[in-house]
Amino acid sequence: MSADDNRVASIGPGGAAALSLLAAAVGAKAVVEIGTGTGVSGLALLRGMRPDGTLTTVDLDAENQRLARKTFLDAGIPPQRFRLIAGSALDVVTRLTDGHYDLVFCDADNQECTAYLREALRLLRPGGVVAFDNALWRNRVADPSQRDPETMAVRELLRAVRDDDDLIPALLPVSDGLLVAVKRA
Ligand SMILES: C[S@@+](CC[C@H](N)C(=O)[O-])C[C@H]1O[C@@H](n2cnc3c(N)ncnc32)[C@H](O)[C@@H]1O
């Protein structure tokens, strides 16, 4: 990951390129992002989506979302292409429509990541893609001596994805590890 103006740890360039690629590969028209930050990953998603596609992005922090809006507008993204929703991820995404989305990207609270997976699987259409940043979690996930709650939660996510027969997963070694999985059609 790279530090972004000292507020949040935005996804790195490799992860951002992979998000653009995934959004383009699924012809994404509707994308949900959990963890807007200052808009680095959101801009990558918007650039890969169809030109009429809409990003719905959720963050607890209103100042981060103000900066993300500026990131999108400065890049020439029209305001009708993004919906910034301020709030707690699980309060907001549980209100979004089942089966309506092509891609869900999760990058907020690691300790909630398995709950994000559950919501993403509900939100995605068949053939849609879920992606998680921080799947390597600063190399802690592979180190058995690391037993802190965040690392344990990321390990639980990896197991949940691996054990779900409805998912076709891969762990991409970009940025801090991008876990991606296709929901079987
Ligand atoms: C790592 S940053 C996201 C970076 C962004 N995805 C990017 O790469 O440009 C994590 C963001 O998640 C937000 N966040 C943390 N916990 C959250 C929660 N429970 N609900 C919603 N947002 C949350 C933080 O405010 C922060 O902006």
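Picking from Leu55, Leu43, Leu84, which residue would you name as being without any contact (Cβ under 8 Å) to a residue 60 or more places away in the chain, part of a helix (DSSP H, G or I), buried (at least 19 other Cβ atoms within 10 Å of the Cβ) and within 13 Å of the ligand (Cβ to nearest atom)?
The conditions single out Leu43.
Could you give me the residue pairs with C-beta distances under 7 Å whose first residue belongs to segment 146-166 and is more than 19 Å from Lys183 (Cα to Cα), whose second residue is of a type in the set (Val, Ile, Thr) wherever it lies, and which are 6+ apart or on separate chains?
Close Cβ pairs (under 7 Å, with a partner that is of a type in the set (Val, Ile, Thr)) amount to Thr151/Val141; Ala153/Thr114; Val154/Val141; Arg155/Val141.
Which one is surrounded by the most Cβ atoms within 10 Å (Cβ to Cβ) among residues in segment 105-133 that are in a helix (DSSP H, G or I) and of a type in the set (Asp, Glu)?
Glu119
For every residue, the table says whether it meets (1) farther than 27 Å from Arg138 by Cβ; (2) among the β-branched types (Val, Ile, Thr).
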| site | (1), (2) |
| --- | --- |
| Pro78 | yes, no |
| Ser88 | no, no |
| Arg95 | yes, no |
| His100 | yes, no |
| Val104 | no, yes |
| Gln111 | no, no |
| Thr114 | no, yes |
| Ala120 | no, no |
| Leu124 | yes, no |
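Provide a single number: the residues in segment 24-40 that are within 14 Å of the ligand (Cβ to nearest atom) and assigned to a helix (DSSP H, G or I). It would help to see each step written out before you state the result.
Initial filter on segment 24-40 (within 14 Å of the ligand (Cβ to nearest atom)): 31-40.
Subset that is assigned to a helix (DSSP H, G or I): 40.
Summing the residues that are within 14 Å of the ligand (Cβ to nearest atom) and assigned to a helix (DSSP H, G or I) in segment 24-40 gives 1.
Report every pair of residues separated by at least 6 positions or lying on different chains whose Cβ atoms are under 8 Å apart, first residue within segment 97-126 and more than 10 Å from the ligand (Cβ to nearest atom), second modelled with pLDDT under 95.
Pro126/Ala185
The values are calculated or read from the model by the stated rules, or taken from the named source; none is laboratory data. Not measured: the values here are computed from a predicted model. Cβ sites come from the backbone with ideal geometry, for glycine too, and all protein chains shown count toward neighbours.
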